[in-house]
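Enquirer: My structure is below; once you've seen it, I'll send some questions.
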Amino acid sequence: MNTNLLELARKNGNPVIEGNHVTFVWKGKSAPCLIDDIHEWEENPQKLTRIAPDLWTYSLDLNRDAYLEYSFYDPRTKRRVKDPLNKNTVFNGIKHYNHFFYMPEAGPTLYAVKRKGLPSGKVTRHLADTWMIEEGGERELYLYQPPVNGPVPLLLVYDGVDYLKRARLNVIVDNLIHEKRIQPIAMAFVQNGGKRRGVEYACSDATLMTVEHSILPFAAKKLNLLNIKQQRGAYGVLGASFGGLMSMYTGLRLPDIFGKVIVQSGVFEAEGRDFVAVDLIRLKVSREIKIWMTIGQFDWLLNDNRRLQPMMRENGYDVTYREAGAGHNYAFWRDELPRALEAMFPL
């Protein structure tokens, strides 16, 4: 059986998956630790067990529709170690590449794959004035015009460059429009402020002022958009993590514009205190907005998101809440986007 594990890992890649049972395999005189979505990465390294000379394993059970990112790690040198039995890697957005795998009943969304011969929307790069959040500054902004005639609603995307390049959101929207699964939409991909991201996304009215008085007028000049004054709340807003918090806050504060709110793995509390978006929910502000929330079951923000659900429903909010077997990463957020867009922009 031990030899079979190594042979299976060499043949099919690490880890070895048998039903719900997952076994990571390492060959060597000594073994690194395992760090992953479930165990808070470097905060809680998992030791492998030697099961034969030069053969080490670590096992766990996962739902058959789960997605997991992991790495091997040497706690002595505090360095990550590549897994020679898994060539699948993805950038974690900070400074490392993680290995990853899908369980048998899961897989990357096919909507993120560009299809030949399909009408594609046009993505253009611009610089937008961000005077309120960065005096005298400009911010990178990408605009997406769908391949249709006539005015369309807008989706504002926080951390826009990541959603454009890592989540391939423009490709997803192209495919969904082509299959008539959503109504055509335009998008404004707003770049974050780098080191200032937390300040800009922690329920910032300065960011709202920039969106309302700089980003939206600029987008309206470049894109064929619905007149928001005539169709209240027709636009949507999307964000993940702190961007998810800012997405929620945007809908609560500007419901006349952003009536469709998509929150992926949102942050609603820090250091024992709620952000003001939670207070607005308690006060039953802007209950006319429609909210879609999604969170991974391996995400450290899971309980933070779960605790809001009774409060939101008791206070009359129209919220759809979904959990899935995944962590805090763009692969999960990408794979969840088709469901969210179909719910928010039905044809």
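The values are calculated or read from the model by the stated rules, or taken from the named source; none is laboratory data. Bear in mind the structure is a predicted one, so any value in this text is a computation, not a measurement. Cβ coordinates were reconstructed from backbone atoms using ideal geometry, including for glycine residues, and neighbour counts include every protein chain displayed. What goes into the accessible areas is simple: the full protein's heavy atoms, side chains included, and nothing from ligands, DNA or RNA. Shrake-Rupley method; radii C 1.70, N 1.55, O 1.52, S 1.80 Å.
Enquirer: Using Cα-only point scatterers and the Debye equation, what is log10 of I(q)/I(0) for the range 68-109 at each q in 0.18, 0.28 Å⁻¹, rounded to two decimals?
Expert: -0.57, -1.07
Enquirer: Could I ask something else about it? Mind checking which lysines have their C-alpha under 20 Å from Lys11, skipping anything on the same chain fewer than 8 residues away?
Expert: Answer for Lys11, where 20 Å is the Cα cut-off: Lys27, Lys82, Lys87, listed by chain and number.
Enquirer: Post the alpha-carbon centroid distance, the range 81-103 to the range 1-61, in whole angstrom.
Expert: The distance from the Cα centre of the range 81-103 to that of the range 1-61 comes to 15 Å.
Enquirer: At what distance in nm do the modelled label points of Ile51 and Val123 sit from each other, each positioned 7 Å from its Cα along Cα→Cβ?
Expert: Spacing of the two 7 Å Cα→Cβ label points: 4.2 nm.
Enquirer: Ratio of alpha-carbon Rg to the 2.2 N^0.38 Å globular estimate for the range 1-153, to two decimals, please.
Expert: 1.47
Enquirer: Whole number please: convex hull volume per residue, Cα atoms of the range 10-80, in Å³.
Expert: Considering the Cα atoms of the range 10-80, their hull volume per residue is 94 Å³.
Enquirer: Also, quick follow-up: In whole Å, largest first, what are the principal axis extents of the Cα atoms in the range 240-347?
Expert: The principal-axis extents, from largest down, are 41, 32, 22 Å.
Enquirer: Considering every pair of different Cα atoms, what Kirkwood radius, in Å, is found for the chain?
Expert: Kirkwood radius, the chain: 21.6 Å.
Enquirer: Which FRET efficiency value, to the nearest 0.05, do you get for Lys195 and Asp61 by plugging their Cβ-Cβ distance into 1/(1 + (r/R0)^6) with R0 = 35 Å?
Expert: Step by step, r from the Cβ atoms, then E = 0.30.
Enquirer: Is the shape of the range 14-55 best called rounded, prolate or oblate, per the rule: a/c under 1.5 gives rounded, else a/b larger than b/c gives prolate, else oblate, with a ≥ b ≥ c the square roots of the Cα gyration tensor eigenvalues?
Expert: Oblate shape, in that a/c is at least 1.5 and b/c is the bigger or equal ratio.
Enquirer: At 1.4 Å probe size, with the rest of the protein present, what percent of the exposed accessible area of the chain is carbon and sulfur atoms?
Expert: Within the chain, the accessible surface is 49 percent carbon and sulfur.
Enquirer: Moving to a separate point now. Pull up the DSSP beta bridges for the chain and report the antiparallel fraction as a percent, rounded to 5.
Expert: Once the DSSP bridges in the chain are tallied, antiparallel ones form about 60 percent.
Enquirer: Of the GluC sites (Glu not before Pro) in the range 1-98, which ones lie in a loop per DSSP and count no more than 16 other C-beta atoms within 10 Å?
Expert: Here the GluC sites (Glu not before Pro) that fit, given the DSSP loop and packing criteria, are Glu40.
Enquirer: With the crude spin-label approximation of a point 7 Å out along Cα→Cβ, what separation in nm comes out for Asn20 versus Asn227?
Expert: My value for the distance between the label points is 5.7 nm.
Enquirer: So, for the chain, what is the accessible surface per residue at a probe of 1.4 Å, expressed in square angstrom?
Expert: Per residue, the chain has an accessible area of 47 Å².
Enquirer: Can you work out the base-10 log of I(q)/I(0) for the range 115-204 at q = 0.16 1/Å, using the Debye formula on its C-alpha atoms alone?
Expert: Once normalised to I(0) and log-transformed, intensities are -0.68.
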